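Below is one structure, written out as C-alpha cells, with a few remarks after it.
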Amino acid sequence: MSKRLAEVARKVGVSEATVSRVLNEKPGVSEPTRQAVLTALDVLGYERPTKLRGERARLVGLVLPELQNPIFPAFAEVVGGALAQRGFTPVLCTQTAGGVSEADYVDLLLQQQVSGIVFVGGLYAQEDAPHDHYDLLARRHLPTVLVNASVKGLDFPCVSCDDSVAVEQAMGHLVSLGHSRIGVLIGPPDHVPSQRKLAAARAVATRAGIALEPDQIAHSHYSLEGAQASAMRLLEAGVTGIVCASDPMALGAIRAAKRSGLNVPRDVSVVGFDDSALMNSIDPPLTTVRQPIEPMCRMIIELLVGQIDGTGLSHDELLFEPELVVRGSTAPPRS
C-alpha cells in the first residue's frame, strides 16, 4: 500500500496523505486533484478501491499519424501531461502503414466513451482523404480539437502554427543571404498546410522580384527518404537554397545534397520546419522555423476542456506565430 501511495503521489505531485484521503473518500481534496489521483491509479496500472470502481476514468484520445517525426512525440508529451494534470487519461493512438486506420481509432475511442479527441496531423488536413469519421464526431457532438490546418467544412476548433509566416521567415532569410533561386519542398498537393506554404512562397518570391518556377517546387511524402528523392530534382534544377515543410524533409534534402557531392551550406542552404529534437546536434546544425509547441498545447487543452465543460469556446482556427532559428545549414550562395 505504501509503495502505491508513494508512486501515485509522485506521479500527481501531491503528498501521500492527499492520495490516502482520495482513496478513503475523505474531505479536504479539490475535485481536480481527486480526478488526477484516480487517473494516476489507472495510468500506473493499480486497481481502484472497490467503492471507486464505478466511476470511470475520464479518457481523451490523442491521435497521431506517426512517431518517427519527433514533432509528434513532442506534442504528445505536452498535451498528455496537461491532460493528466486536469484529471484526464490520454489514450495514444498512432497510425501505422497497413495497420489501424484513423477511422478505426475513432470507432475504438467512441466505444471507450472518451470525453474528447485531439488530432495532431491527420486526414483532416488532406482534401482528397476520407472524412466520414469526422462527420460522425460532429454528429455525436464529441469535443474535438484539430492541430494544424484542416480542410473546409470541418467545424472543429483548430490550433495552427501560421504556415504563411513560417515560409515568409524561411524564404526571407534565404533572400537576405543573397539567394535568388530557391526551391520549396512541401507535402502532397491536397495537403492544406502545404498549400498555404506554397501560396506564401509565391508571394515572397513576387515581393522579392525572384522567380519560383515549377521545377523549383517539389511535393513529397513527409519522410526522409521521400524528401531526399524530391530534393534531388530541386538540386538538378539548380536551386541554391531549399525551404522544407518539416525537419525530417530537411534532413532528406541535406542527404540529397551530400550524395550529389554538394556541401551544406557552402553549395546549398537548407531550412527546416518544426525545430524538433536534436536539430541543433546534426551536422551541420539545422536552420529551421520553430513551432511554438507550449503555447499551442495550452490552447489545445483550453479548447478541449472548454467543450467538455460546455463553455462554448470559439470554433475558429487560432494561429500561432513561429520563430526562425538560424544555425549552420544556411549561408550566402557561392559567387
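Rule-based calculations on the coordinates, nothing more; no lab input. None of the values given here were measured: they were computed from a predicted structure. Quick reminder, even Gly has a Cβ in these numbers, built from the backbone with ideal geometry, and neighbours come from all protein chains shown.
Need one number: nm distance between label points at Arg139 and Gln112, each 7 Å from Cα along Cα→Cβ, rounded to one decimal.
About 2.3 nm separates the two model spin labels.
Go through region 320-335 residue by residue and turn each phi into a ³J(HN,Hα) via Karplus (6.51, -1.76, 1.60, θ = phi - 60°); whole Hz please, and just put x for glycine and proline.
Karplus-based 3J(HN,Hα) across region 320-335 equals 10, 7, x, 9, 6, 10, 8, 10, x, 8, 10, 7, x, x, 5, 6 Hz.
Name the long-range amide H neighbours of Ile217: under 5 Å, sequence gap of 5 or more, or other chain; modelled H, no Pro or chain starts.
Val184
Each residue of region 131-146 in order: what ³J(HN,Hα) in whole Hz does its phi give by Karplus 6.51 cos²θ - 1.76 cosθ + 1.60, θ = phi - 60°, with x for Gly and Pro?
Couplings: 10, 4, 5, 6, 4, 4, 5, 5, 5, 7, 6, 7, x, 9, 10, 9 Hz.
Output the peptides 104-115, 321-332 sorted from most to least packed, where packing is the average of other Cβ atoms within 10 Å over each peptide's residues.
Per-residue Cβ counts within 10 Å, averaged per peptide and sorted highest first, yield 321-332, 104-115.
Could you list Glu317, Glu102 so that the one with the fewest beta carbons within 10 Å of its beta carbon is first and the one with the most is last?
So the residues, fewest neighbours to most, are Glu317, Glu102.
Could you list Cys93, Cys297, Cys244 in order of exposure, starting from the residue whose Cβ has the fewest other Cβ atoms within 10 Å?
Ranking Cys93, Cys297, Cys244 by Cβ neighbours within 10 Å, fewest first, gives Cys93, Cys297, Cys244.
For a quick protection proxy, order the peptides 183-192, 30-39, 79-88, 210-219 by their average other-Cβ count within 10 Å, most packed first.
183-192, 79-88, 30-39, 210-219
Based on DSSP, what percent of beta bridges with both residues in the chain are antiparallel, to the nearest 5?
Antiparallel bridges: around 10 percent, rounded to the nearest 5.
Full extension from Thr311 to Glu225: what is 0.36 nm times the residue separation minus their Cα-Cα distance, to one decimal in nm?
26.5 nm
How much FRET efficiency would the formula 1/(1 + (r/R0)^6) give for Asp190 and Val43, where r is the Cβ-Cβ distance and R0 is 35 Å, rounded to 0.05?
For Asp190 and Val43, the calculated efficiency is 0.40.
Each residue of region 31-36 in turn: what ³J(HN,Hα) in whole Hz from Karplus with 6.51, -1.76, 1.60 and θ = phi - 60°, glycine and Pro shown as x?
These are the phi-based 3J(HN,Hα) values: 4, x, 5, 4, 5, 5 Hz.
Cα centroid distance between region 56-123 and region 253-326, in Å?
If you average the Cα positions of each part, the centres end up 20 Å apart.
When a/c is below 1.5 the answer is rounded, else prolate if a/b is larger than b/c, else oblate, so apply that to region 163-291 with a ≥ b ≥ c taken from the square roots of the Cα gyration tensor eigenvalues.
It is rounded, given that a/c, with a ≥ b ≥ c, falls under 1.5.
About the Cα centre of the chain, how large is the charge dipole given +1 on each Lys and Arg Cβ and -1 on each Asp and Glu Cβ? Please answer in debye to the nearest 20.
880
Can you tell me how much longer the chain between Ser15 and Ala211 gets when fully stretched, taken as 0.36 nm per residue apart minus their C-alpha distance, in nm with one decimal?
64.3 nm
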